[in-house]
Structures are given as C-alpha cells and as structure tokens.
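Engineer: Below is a structure I'd like to ask you about.
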Amino acid sequence: MSLFYLIPLLPFIGFLINGLAFPKLNKQLAGIIGTIPPVVAFALSLQLFLNFDGQTQIYTLAEWIKLGELSIPFAFQVDQLSLLMLLIITGVGTLIHVYSMGYMAHDAGLGKFFAFLNLFIFFMLILVLGANFTVLFIGWEGVGLCSYLLIGFWNQKNSYGDAARKAFIMNRIGDLGFLVGIFLLIQDFGTTDYAAIFSAISEGNVPENVGLIAFCLFIGAMGKSAQIPLFTWLPDAMAGPTPVSALIHAATMVTAGIYMVIRANVLFELSPDVLHFVGWIGLATALLGAAIGLFQNDIKKVLAYSTVSQLGYMFMGLGASAYTASFFHVMTHAFFKALLFLGAGSVIHAMSDEQDIRKMGGLKSHLPITYITFLLGTIAIAGIPPFAGFFSKDEILASLYHHDPIMWWLAILGSAMTSFYMFRVFILTFFGEFRGSQKQADHLHESPWTMTLPLIILAIFSVGGGIINLPHFAGGNEFLAHWLAPLLPAAGEAAEVNFLSLEGGAPLLAAFLPAALAIYVFGMQKSVPGSDESVTGIQKVVYHKFYIDELYDILIVRPISLLSNFLHQIFEFLVLDLIVEGVGKIVQYASTEFRRIQTGNVGYYIFMIVVSVTVILFLGLKTWIL
Amino acid sequence: MYLLFILLFPLALGSFLLLAKPKNAFVISLTGSIIEAIAVAYVLIQSSQSPNSLSISYPWIPEAGLSFSLWVDGINGILIGLTGLLIPFIVGSTAKTEKANNPVYQGLILAMQTALVGSFLAKDAFLFYFFFEASLLPIYFLSAQFGGENRIAITFKFFVYTLFGSLFLLIGLIYVYLRTPGEVGSSDIDVLVETARSLPATSQNYLFLAFFIAFAIKMPIFPFHTWQPDTYTTSPAQGSMLLGGIMLKMGTYGVIRLVLPMFPLGLITWGTSVMILSIIGIIYGSIIAIQQKDAKRLIAYSSFAHVGLMSAGILTGSLAGIQGALYQMLSHGINIVGLFFIIEIIERRTKTRELSQLGGITQASYMLSVAFVVLSLGSVALPLTNGFIGEFLLLKSVFDQDMWMGIIAGVTIILGAVYTLRLIQKSMFGNVSRITKEFEDLTSAEKMVLVPLVLLVLLGGIFPQAVLNYSAESVEKLTQLLN
C-alpha cells in the first residue's frame, strides 16, 4: 500500500469521524479533526509533486465493475495535471478549513460542516486522480452531492433548500451528457481508461463520432462549471456558508469542467466544431456573467457572477486550444477568487450577516487586514499587472487575438466590465461613510487570526501567483507550459506579447480605465446604488439577471408540473383506470347477460346444442377439406 | 434437501404461527427468518462452488410429466438471496409495534416468503406458476386485513388484475407444454425453452405477448400499472415492502427466465415496442412522482419508474442489460424496504404521510435524516451507492441498443433527483411543523433495521463484483441463447 492512497483516504476518514460523532463531539475538536486531513494530504501531495519524475504513475486499487470484456477498475493516475490539481485542492482546501474554524465557530452544526467539507475534498481528489472517465464520474457526482449538502447547510430556510436542489438537478442535466459520453467511449474503445483511449487515438484509431463524444462530455462541463444554459444554479449556490462558496463554488469544483476538457484534450482537438462551440459558450457566459455582475448589490452575488464570467474566460481559452493559459487561469482564479470570497466572508462576519453593499461603506478602518487583502484580490482579478490575474488572463486574451479577433474584442469588453464591477464592490464596501445600522456599527471588528491568516496567504499568491507561468519578457521561464507540455498538443499557445501594440495595450486599458471610472463614480462622487424599486429599463432587466430564472420556470418547470398533474389526475384516472375498470365492468355485464341464457327451458337448450354442433361440424369440415 | 428446507421452513413456521397463535410471535418470526437467511447464504455459497449439486426433483403428477423440481443458478440465486436477506429486515421493522406479536401478521409474512422463494426456485414451469399465483394469497390477506383506507376495494382490484394477467401465462404455458416431446410431455423449464424456441415466428409472437402481459402486470409496466400506486399506498408497511422489495421481481425474473429464452423470435417482433412501453413508464412514473403529496405514493411511483428501466434493460437481451437488471433488483429491494420503513417511522410518530404537514425532521432526528438521504442517494443512483451499478449497466445496455432510447431512459437520473430531493426537502429539511416539533429520535429497534440497510447501500456500490461474478456465468449462457 503506497502512501499515495492516504491522500484521498485521510479526508474520507475525517468525514467518517466528524459525521459519526456529530453532534456529540466538542466543536473545537471537530474543527481540528476536520482540518488535519487536508493539511496532511497537502504535505503528501507536495512531496509527490517534488519527487515527480515526469512519468505518469497509475495506481490500481481493485476491480470495480467488470462485465464481459468491459473492465472498470478503481484506478488512479498521478501525472502533471492531477498533481497540480492536488496541490490546489489540498492547499486552498487547507486554508479554507482553517478559515472555517473561525467563521463557523458559533454554528451548532460545525461538526457536520467539517464532515461535509472533508467529504468534498475526498470526492474532489477522486475526481482529479481517477485514471478513467468512470472514476472521474464518481468524483464528479460526489462533489455535486457535497455541493448540494453544503448549499443547503442551513436548510431550515426553505429558499436555501431550493437553491441546493436547483444546483443538484442542473448538475444532473449535465451529468446525463457526461454519462452518454462515457457510453459512447465504451462503444468505441471498449474502455474508459484515459491511457488506453488516448493511445488508441494516437495510433490512428479515431472513431467517426469523436465530435459527439467531445460534445457530450462538454455538456457535463457546462453543468459543473456553470456555463450557459446551465449556469443559473451557481449564483443561487451562494446560500451556502461563505467558506463553501470560496472552496467549492469558486476555487475547485466549478473548475472541474475545465479540468475535464484539458484531460480529454485529445478528443477535443479532433473536434474543431466542438472546440468552436466551447469557445463561444465561454464567451457568451463571460459577457452575461459580467453584465449581471455590474448591477448586483449583494457582495456574494457579485462574486458569484464574477465566477461564472471567469469560468467563461477559461472555456474561451480552451476553445482556442490554449490549454495552458486556461489552466493557468484556473490556478490564479483559485487564489484570488478564494481570497475575495473569504474576504467577503470576513466582511459579512463583521457586519452581523449583512450582505448588501449598500448598507456597508467605510469598513477599511475597522477591518484593515480584510481591506488590504481584498484590495489585492480586486487588483488581481481586474487584470492589472503584475498581479497573478493579469498574466493568466492576458495569456487567454493573447491566444484569442490570434484565434478569432471578434472573440478577442468581446473578451476585452468583458474584461473591462470585470474591472468595473470589482472596483465598484471594493469601493462601496470599504470607502465612504458607514451606511448600516447603529447596532451593526457597534459590532464591527476584524476577524480572528484563523480567518485573517488564510486571507494573507491567499493574498500573497494572488499577487505573486503569476510566477507559475511567467512569460519570458517578464523574466520568467513559463514553468507551467513546460510542465503540462507532455499532456497537451504541441501547437496552440500564443507568442510573446508586445505591450505597445493593440494586442498588448487594449487589455491594460480595459483593466485601468473602468477601475478609474468606478473609483470616480463610487469613491469621489460617493454615489450609492438606489433601492431595488428605483432601477428601471435595461438596468432593471440586467439587475434581474435577464429574467432567465423566470424564463426557465415558464419554459420547463411549470410545463412539467402541469404535465405531472395532467397525467396523474386526468390520464391516470380518467383514461387508464377507466379502461381497466371498464374491462371489469364488461365482464360483469357479460356474466349477467350470459346468465339469461340459462333459462331452464329444455327446448331452448336443445336448440342451442343443434346450432353449436352444426357450427363445430362446419368449422371441422372446413379445416378437413382444406 | 437444502432447497427443500429453504422453501418449506418459512411456511412451516408461518403455519405454526397462524394456527397455534403463540404469544411471542415476533421472536419466533425474527429468529426463523434469520435461520432462513443463514440457510439461504449456505445454499448460495454451495451452488456457486458446485452448480446443480443442490438441485432436486420429485415426481409431482408423473402421468402428465409434471415434477416437483427445484434448482439454483446464478440468476435465481440473486433473487433467493434478496428474499432471504430482506425478510429479517421486514420482520424486524415490526418491532415494538402492535403488529410485532400478532401471529397472523407474522405468519402471513413467512408464508409469503415460501411463495416467493418457491417461484424463484422452481425448475418446473407449472410449479413456478403455482407459486406465482400462491403468493397472491398471503399478500392479499396482509393488505386487505391490515391495510389503510379503502383497502378492500384496492386489494380486490390488485388481486383480480394480477390473476387476470397470469391466466394468459397459464394458457401460454399449456400451449407450449402440449408441444413438448415424449409421450407424456414435460413441464421442465429447460424442455419448455427448447420446445418454444423451435416454434414458428407467428406462434412465438402470440406466446410472447401472453407471457409478457402476465409479467408486465406484475412488475408493473406502463400501461398495466394502475393497481400499483393504490396497492402500495394502502398496504401496511411490511406489505408494501414485500410487494415492492421482492414480489415485483417475480415479474422481471419471469421475463429473464422464461420470455427471453423461450421466444427469441417473439422478442424480435415485439422487443422494441415493449421496450418503448417500459421507457414510457420510466418517464411517466417519474413525472407523476414529482407532484405527489403522499410520501408513500411518491415512492410507489418511483418504484414504477425504476422497474421500467429494469424491464427495458432485460429486453435488450444483452449481458449488461440482464446483469444490470439483476443487480438493480437487489439494490432496489434494499433501498425500497429502507425507504418504506422510514416513511412508516415518520407515520408512527406523526400519524401522517402528507408532505405538506412534515418538515424539519433532521433537527429532531439527525440519524433518521442521514439514513433517508443515503437510501435516497441509492435510489437516484449516485456513484458508490448500489443504485449506480445497476442503472449504469441498464442505461448502457439500452443506449447500446438504441441511442435515443438510451438518452430518454437516461432522463430518469434527472427526474429521479427532482422528485427524490423534493421528498427529502419537504420531510427532512425546512422548519419543523406543528406535528414534527416533538419528533422522537430513532429507537434502538429501528436503528437495528436501518443501519445495516444503509451500510448495504454503500457496500453494494463499492463492491458490486461479488454479486456480478455470481450471476455472470448463468447470464452469459442465457445471452448466448439469444444470439
């Protein structure tokens, strides 16, 4: 048994302990027991990473499903891609566990919370470690379950329960696509093993329907990574406690779709149409998310739409075959978005659970660490150099520039919106006058060290994370590109960028100008968004998320309810059952009618006998002759 | 002899309970069902090591070639195992209720076990038919005597409907039997299979329908299901467990054991049509389940949807389809017994199953909600639960047969989540209602039943191979007959 197995096993053990001992276990102890597994798993992952010799290692635990020729083992794969994912999941996971000890300290369900978090880490590790698409699917659905449990963590509130259900169901729509993709893979290759499938393809064994396979897998990615049309669950998922939003709905789970496309890049490279589709879906999602984010007043909702939008950027990169750039953005986004969410959590914590930025303001003096780290996160996401987000986003933009100029222009537009809404939130939260109640004002405080320490660490990564794939012109050596190269197609990555050209200059302008505008409007003019009723026109449409939820309700939810009622109350009882009962009634009727034949009249009986015999004879004669 | 023991022991004990009416019926019944389970386990291990070593055959009506013959192979072994496994839980679920020491109630459960085991063990087709029909009696009395609202009318309809269906089976059986070789003929299943296979396509087409309709009503398959929701809902909890957990598998078993090997030409003619009916049932049942107000009725419709997928998989006649169906029969049995039990527990405490009146139970009984969620996850086929293995193989088999049928059947994983999560939310989550305010936590007797079932959901999802291996050889032999 290799130490490797401890990496997923430890969080599972943590889940069992906290899950079974809840609610008897002491809260502080529960927090510590819950935090140890990701810490140790991170140390083990780091060791694995540092000792990695470039050779893919496969660990086969046991046969899982075997049926005739088909064999699906519990097999795990350690390679360049899964190692980096391991580090993100256990690293960011550790920080968020530590943070949760502070954030959830007053919650009676703390033990349960850590149990679910550990279970999530377990499934997320299975997802990235699986050596075949079916084990990936175990993790895929497993993280969906944890997401469901954690969104609905405070399930006494019905709307939170609704949000949890919505997330699970929308993910399941995507999962059906994924499952169909798996079935197609089995049909074509007789296996779901990555190695077997990709080597079959490299030997020229390309099935005709490879595009369909890639498309089906991408449907799965659309659900998990909240892309149009399956994105509406992610903003609602903010019902979950804020550490959950940071870990699951920003840093790790929602990037599983990107991970999967990169993992299956061999299949996608053979399907240019699907890649094209991936890119445009990503672009549309990026713009839609950013546009909605412009007008939201709930600090977590802004970050949620921002996540939807950033995930769109990653898919845009994938669409342009810029796998390294997309993965680079997965990593930097994990840092700065986790940071922003945790910062928002710190603010919400201080504000006695207030999430409306219109009621905040002037918090910088009360929460100095949160303020500075949030600022660093904002600069990073806005794409201002030399912070992490600048380099990763710039790589995606550079690859788009060569891939499709229209997409590039639109992506620049989205980038500008990002910068604007982030600075808007930042200024409204930390500058100006405090706009909350007196009670909230008295309660304002910086968070305990368990919460600020993760903020500081994540801030360091948000500032310096760009170093992972620092381009040559900035003195780097493109570590990530070299590291991932064995798994990726040779071409596709963009050339060096010249900052004095349009290509280099536009992203910079798109980062700086909107930031300046936001600072001017909200900082210097001190304007504050009006109440919900005061918004009108196009702004109202955007504020209400283009009424997409309402549209789905009218187009899908309500027709199914109506159909359900119709089938149950009308079809089931008035049609089917009536037929069944009708048959019964006919038999009953017939029996009363036939009883009349038995009149007791002997002459009538003899007559019937004669008729019968004649008929029988006639029929017999007929067959005899024929 | 072991087969004779596992067949007759429950009946003997049941008759004793029914006639002598001892006071401590629960202890007798539970001990008996556990002894039976151990004997069944022994039989299964034996038969997997040396197939056919346990088969027995006595002349029954030698003049007509009917024999009393029993056997175990990889296919019926699964169902005998399922019966042996579930009955102790079904008996155990009566603990500390007024039914626990009711000798009639316990006696009927055990009598039912003999009928169920008999239909699975039978190697003679008329013997199969005998037990197939005999099983109606104990379940009829259980439901008609101990059931809920409107029970007489509902159980009568159930009785007549299924009896009506099996008449077709009887006629079909006689038709084939009359064509068996030899002076007196034979009703051995193998002989009947040989005979039926050589019949011309037109006969096979009629016979396929005659046989299938009996099993379609039993499972049930759309549109023959109208007896099912009412019967499941009105039966006492243990009656519903017997019906949904085991009895419906008589139908799916019948299709695997008789319809597939006997009428390959009939399958070619009708296969697609009945598969479409099965798949309609999946969607139809799921959509109706979404709006159910009564928790038990919701489970009834979900069972109807699940069995549709089993039927569709079986009708593909493929290894994946039949193996998946067998595995799913096992998983579905475990899950539905657990779910019916939880609904019973809720009803015991709150006197209602109306979802609108429930809510917030997780706050009062964390453990009950955990059990409910795990069993539900098995029901919605989450990976690493038992339900996933079966549904994965079943959907794959349907998909391999026809892509669009596979995709439409696959919608079950979405709709299943819709109605199941709604059930969880309305009962377990949300605020406590007036009647769930004083909800009492699980008693140790209830835990004794629920905890093992929950563990089985997970074990079945992680280690399916033992069961799949057990049936593999027999199923492969069967699928070879179909090619």
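Engineer: Filter the stretch A:354-375 down to residues that are closer than 17 Å to A:Leu294 by Cα and in contact (Cβ under 8 Å) with a residue 60 or more places away in the chain and give me whichever is surrounded by the most Cβ atoms within 10 Å (Cβ to Cβ). Spell out the reasoning first.
Structural biologist: Initial filter on the stretch A:354-375 (closer than 17 Å to A:Leu294 by Cα): A:355-358.
Subsequent filtering for residues that are in contact (Cβ under 8 Å) with a residue 60 or more places away in the chain retains A:357-358.
On the way: A:Ile357: 25, A:Arg358: 16.
Here the residue is A:Ile357.
Engineer: Right, here's the next one. Can you confirm whether the stretch B:104-120 contains a residue that is modelled with pLDDT of 95 or more, of a type in the set (Phe, Trp, Tyr) and within 17 Å of B:Leu248 (Cα to Cα)?
Structural biologist: Yes, because at least one residue in the stretch B:104-120 is modelled with pLDDT of 95 or more, of a type in the set (Phe, Trp, Tyr) and within 17 Å of B:Leu248 (Cα to Cα).
Engineer: Looking at the stretch A:267-287, is at least one residue out of contact with any strand residue (DSSP E or B) (no Cβ under 7 Å at 6 or more places or on another chain), surrounded by fewer than 22 Cβ atoms within 10 Å (Cβ to Cβ) and among the charged types (D, E, K, R)?
Structural biologist: Yes, that holds for at least one residue.
Engineer: Follow-up question, since we're still on this one. Out of the residues in the stretch A:61-79 meeting the condition of being among the small types (Gly, Ala, Ser) and assigned to a strand (DSSP E or B), tell me which one is nearest to B:Gly390 (Cα to Cα). Don't jump to the end; show me each part of the working.
Structural biologist: To start, the set of residues in the stretch A:61-79 that are among the small types (Gly, Ala, Ser) comprises A:62, A:68, A:71, A:75.
Those left that are additionally assigned to a strand (DSSP E or B): A:62, A:71, A:75.
Numbers: A:Ala62: 19, A:Ser71: 15, A:Ala75: 20 Å.
In this case the residue turns out to be A:Ser71.
Engineer: Which of the residues that make up the stretch B:177-195 are under 15 Å from B:Phe126 (Cα atoms) and under 29 Å from the mean Cα position of the chain (by Cα)?
Structural biologist: B:Tyr177, B:Ser186, B:Ser187, B:Asp188, B:Ile189, B:Asp190, B:Val191, B:Leu192, B:Val193
Engineer: Residues in the stretch A:324-336: is at least one in contact with a Pro (Cβ under 7 Å, 6 or more places away or on another chain), in the same structural domain as A:Pro454 (by TED's automatic domain parsing) and on the phi < 0 side of the Ramachandran plot? Outline the logic, then answer.
Structural biologist: Narrowing the stretch A:324-336 to residues in contact with a Pro (Cβ under 7 Å, 6 or more places away or on another chain): none.
For the stretch A:324-336, residues in contact with a Pro (Cβ under 7 Å, 6 or more places away or on another chain), in the same structural domain as A:Pro454 (by TED's automatic domain parsing) and on the phi < 0 side of the Ramachandran plot: absent.
Engineer: Restricting attention to the stretch B:396-424, and to residues there that are polar (S, T, N, Q) and under 10 Å from B:Thr316 (Cβ atoms), which single residue is farthest from the other protein chains (Cβ to nearest Cβ)?
Structural biologist: Let us first name the residues in the stretch B:396-424 that are polar (S, T, N, Q), namely B:397, B:401, B:412, B:420.
Subset that is under 10 Å from B:Thr316 (Cβ atoms): B:397, B:401.
Details: B:Ser397: 10, B:Gln401: 11 Å.
Filtering the stretch B:396-424 for residues that are polar (S, T, N, Q) and under 10 Å from B:Thr316 (Cβ atoms), the one farthest from the other protein chains (Cβ to nearest Cβ) comes out as B:Gln401.
Engineer: Check off (1) within 14 Å of chain A (Cβ to nearest Cβ); (2) within 18 Å of the chain's Cα centre (by Cα) for B:Ile246 and give me the number that stays unchecked.
Structural biologist: The one condition B:Ile246 does not meet is (1).
Engineer: Output the residue which, of all residues in the stretch B:397-433 that are among the polar types (S, T, N, Q) and outside any helix (DSSP H, G or I), is farthest from B:Lys296 (Cα to Cα). Write out each step before concluding.
Structural biologist: Initial filter on the stretch B:397-433 (among the polar types (S, T, N, Q)): B:397, B:401, B:412, B:420, B:425, B:427, B:431, B:433.
With outside any helix (DSSP H, G or I) added as a condition, the list becomes B:431, B:433.
Details: B:Asn431: 21, B:Ser433: 19 Å.
The selected residue is B:Asn431.
Engineer: Let me ask something additional. Would you pick out the residues in the stretch A:51-71 that are surrounded by 15 or more Cβ atoms within 10 Å (Cβ to Cβ) and either facing another protein chain (nearest Cβ under 9 Å) or in contact with a His (Cβ under 6 Å, 6 or more places away or on another chain) (or both)?
Structural biologist: The answer is A:Glu63, A:Trp64, A:Ile65, A:Lys66, A:Leu67, A:Leu70.
Engineer: Are any residues in the stretch A:106-153 of a type in the set (Ser, Thr, Tyr) and under 19 Å from A:Ala250 (Cβ atoms), and if so, which ones?
Structural biologist: Restricting attention to the stretch A:106-153, the residues satisfying the condition of being of a type in the set (Ser, Thr, Tyr) are A:134, A:147-148.
Across the stretch A:106-153, the qualifying residues are A:Ser147, A:Tyr148.
Engineer: Then there is this: All but one of (1) touching a helix residue (DSSP H, G or I) at 6+ places or on another chain (Cβ under 6 Å); (2) over 18 Å from B:Leu478 (Cβ atoms); (3) surrounded by fewer than 23 Cβ atoms within 10 Å (Cβ to Cβ) hold for B:Tyr206; state the number of the condition that does not hold.
Structural biologist: Only one criterion in (1) touching a helix residue (DSSP H, G or I) at 6+ places or on another chain (Cβ under 6 Å); (2) over 18 Å from B:Leu478 (Cβ atoms); (3) surrounded by fewer than 23 Cβ atoms within 10 Å (Cβ to Cβ) is unmet by B:Tyr206, namely (1).
Engineer: If the Cβ limit is 8 Å and pairs must be 6+ apart or interchain, which residue in the stretch A:321-343 that is touching a residue at least 12 places away in the same chain (Cβ under 8 Å) pairs with which residue that is assigned to a helix (DSSP H, G or I) and charged (D, E, K, R)?
Structural biologist: A:Ser321/A:Glu269; A:Ala322/A:Glu395; A:Thr324/A:Glu395; A:Ala325/A:Glu395; A:Phe328/A:Glu395; A:His329/A:Lys393; A:His329/A:Glu395; A:Phe341/A:Lys300
Engineer: Looking only at the stretch B:119-126, decide whether some residue is more than 14 Å from chain A (Cβ to nearest Cβ), outside any helix (DSSP H, G or I), touching a residue at least 60 places away in the same chain (Cβ under 8 Å) and of a type outside the set (A, V, I, L, M).
Structural biologist: Scanning the stretch B:119-126, I find at least one residue that is more than 14 Å from chain A (Cβ to nearest Cβ), outside any helix (DSSP H, G or I), touching a residue at least 60 places away in the same chain (Cβ under 8 Å) and of a type outside the set (A, V, I, L, M), so the answer is yes.
Engineer: With surrounded by fewer than 17 Cβ atoms within 10 Å (Cβ to Cβ) and assigned by TED's automatic domain parsing to the domain that holds A:Gln355 as the only criterion, which of A:Phe479, A:Phe434 stands out? Give the steps one after another, and end with the answer.
Structural biologist: Numbers: A:Phe434 fails: surrounded by fewer than 17 Cβ atoms within 10 Å (Cβ to Cβ).
Matching residue, one of A:Phe479, A:Phe434: A:Phe479.
Engineer: Which one is farthest from A:Tyr5 (Cα to Cα) among residues in the stretch A:131-171 that are within 7 Å of chain B (Cβ to nearest Cβ) and not in a helix (DSSP H, G or I)?
Structural biologist: Taking the stretch A:131-171 as the starting set, the residues that turn out to be within 7 Å of chain B (Cβ to nearest Cβ) are A:137-138, A:141-142, A:145, A:152, A:155-156, A:158, A:161, A:165, A:168-169.
Those still in the list that are not in a helix (DSSP H, G or I) too: A:152, A:155-156.
Details: A:Gly152: 30, A:Asn155: 34, A:Gln156: 37 Å.
Top of the filtered list is A:Gln156.
Engineer: Could you please tell me which pairs satisfy a Cβ distance under 7 Å, a separation of 6+ or placement on different chains, a first residue in the stretch A:81-96 that is assigned to a helix (DSSP H, G or I), and a second residue that is hydroxyl-bearing (Ser, Thr, Tyr)?
Structural biologist: The qualifying pairs are A:Met85/A:Tyr259; A:Leu86/A:Ser45; A:Leu87/A:Ser45; A:Ile88/A:Thr252; A:Ile89/A:Thr252; A:Thr90/A:Ser45; A:Val92/A:Thr252.
Engineer: Which fully enclosed helices (runs of 4 or more DSSP H) of the stretch A:187-279 have 2 or more residues being of a type outside the set (Lys, Arg) and in contact with a Gly (Cβ under 6 Å, 6 or more places away or on another chain)? Can you show your working first?
Structural biologist: Numbers: elements: A:194-202, A:210-224, A:233-236, A:242-246, A:256-263, A:265-269.
Here the list reads A:210-224.
Engineer: List the pairs whose first member sits in the stretch A:548-561 and is outside the structural domain of A:Ile292 (by TED's automatic domain parsing), whose second member is at pLDDT 85 or above and part of a helix (DSSP H, G or I), and whose Cβ atoms are under 7 Å apart, counting only residues at least 6 apart or on separate chains?
Structural biologist: Filtered contacts from the stretch A:548-561: A:Ile560/B:Ile287; A:Ile560/B:Ile290.
Engineer: To continue, here is another question. Specify the residue that is surrounded by the most Cβ atoms within 10 Å (Cβ to Cβ); the eligible residues are those in the stretch B:403-433 that are without any contact (Cβ under 8 Å) to a residue 24 or more places away in the chain and closer than 25 Å to B:Gly321 by Cβ.
Structural biologist: It comes out as B:Gly410.
Engineer: Further question on the same structure: Failed condition for A:Ser45, given (1) among the polar types (S, T, N, Q); (2) farther than 30 Å from B:Ser397 by Cβ; (3) not in a helix (DSSP H, G or I), with all others met?
Structural biologist: (3)
Engineer: For A:Gly312, indicate whether it is closer than 13 Å to A:Phe218 by Cβ, assigned to a helix (DSSP H, G or I) and not aliphatic (A, V, I, L, M). Before the answer, list the steps.
Structural biologist: Numbers: closer than 13 Å to A:Phe218 by Cβ: no; assigned to a helix (DSSP H, G or I): yes; not aliphatic (A, V, I, L, M): yes.
When the stated conditions are applied, A:Gly312 does not pass them.
Engineer: Now for a separate question. Whether any residue in the stretch A:396-404 is of a type in the set (Val, Ile, Thr), surrounded by fewer than 24 Cβ atoms within 10 Å (Cβ to Cβ) and in the same structural domain as A:Ser346 (by TED's automatic domain parsing) is what I want to check.
Structural biologist: So the first thing to find is which residues in the stretch A:396-404 are of a type in the set (Val, Ile, Thr), and the list is A:396.
Checking the rest, the ones that are also surrounded by fewer than 24 Cβ atoms within 10 Å (Cβ to Cβ) come to none.
No; the residues of the stretch A:396-404 include none that is of a type in the set (Val, Ile, Thr), surrounded by fewer than 24 Cβ atoms within 10 Å (Cβ to Cβ) and in the same structural domain as A:Ser346 (by TED's automatic domain parsing).
Engineer: Sort out for me the helices (runs of 4 or more DSSP H) sitting completely within the stretch A:524-626 that have 1 or more residues that are within 14 Å of chain B (Cβ to nearest Cβ).
Structural biologist: Values: elements: A:537-543, A:548-552, A:558-565, A:577-595, A:602-625.
Passing ranges, in order: A:548-552, A:558-565, A:577-595.
Engineer: For residues in the stretch A:172-203 being aliphatic (A, V, I, L, M) and at the interface with chain B (Cβ under 9 Å from one of its Cβ atoms), which is surrounded by the most Cβ atoms within 10 Å (Cβ to Cβ)?
Structural biologist: First, the residues of the stretch A:172-203 that are aliphatic (A, V, I, L, M): A:173, A:176, A:179-180, A:182, A:184-186, A:195-197, A:200-201.
Keeping just the survivors that are at the interface with chain B (Cβ under 9 Å from one of its Cβ atoms) gives A:173, A:176, A:179-180, A:182, A:184, A:186.
Details: A:Ile173: 19, A:Leu176: 20, A:Leu179: 29, A:Val180: 24, A:Ile182: 25, A:Leu184: 21, A:Ile186: 20.
Checking each candidate, the answer is A:Leu179.
Engineer: So for the stretch A:73-86 (the condition being touching a helix residue (DSSP H, G or I) at 6+ places or on another chain (Cβ under 7 Å), within 14 Å of another protein chain (Cβ to nearest Cβ) and not acidic (Asp, Glu)), does at least one residue qualify?
Structural biologist: Scanning the stretch A:73-86, I find at least one residue that is touching a helix residue (DSSP H, G or I) at 6+ places or on another chain (Cβ under 7 Å), within 14 Å of another protein chain (Cβ to nearest Cβ) and not acidic (Asp, Glu), so the answer is yes.
Engineer: A further question follows. Sort out which residues of the stretch B:434-483 are more than 23 Å from the chain's Cα centre (by Cα), without any contact (Cβ under 8 Å) to a residue 12 or more places away in the chain, within 14 Å of chain A (Cβ to nearest Cβ) and assigned to a helix (DSSP H, G or I), and write them in order of number.
Structural biologist: B:Lys477, B:Gln480
The values are calculated or read from the model by the stated rules, or taken from the named source; none is laboratory data. Predicted model, so just to flag it, every value in this text is computed and none were measured. No Cβ is skipped: glycine too gets one built from the backbone with ideal geometry, and neighbour counts run over all protein chains shown.
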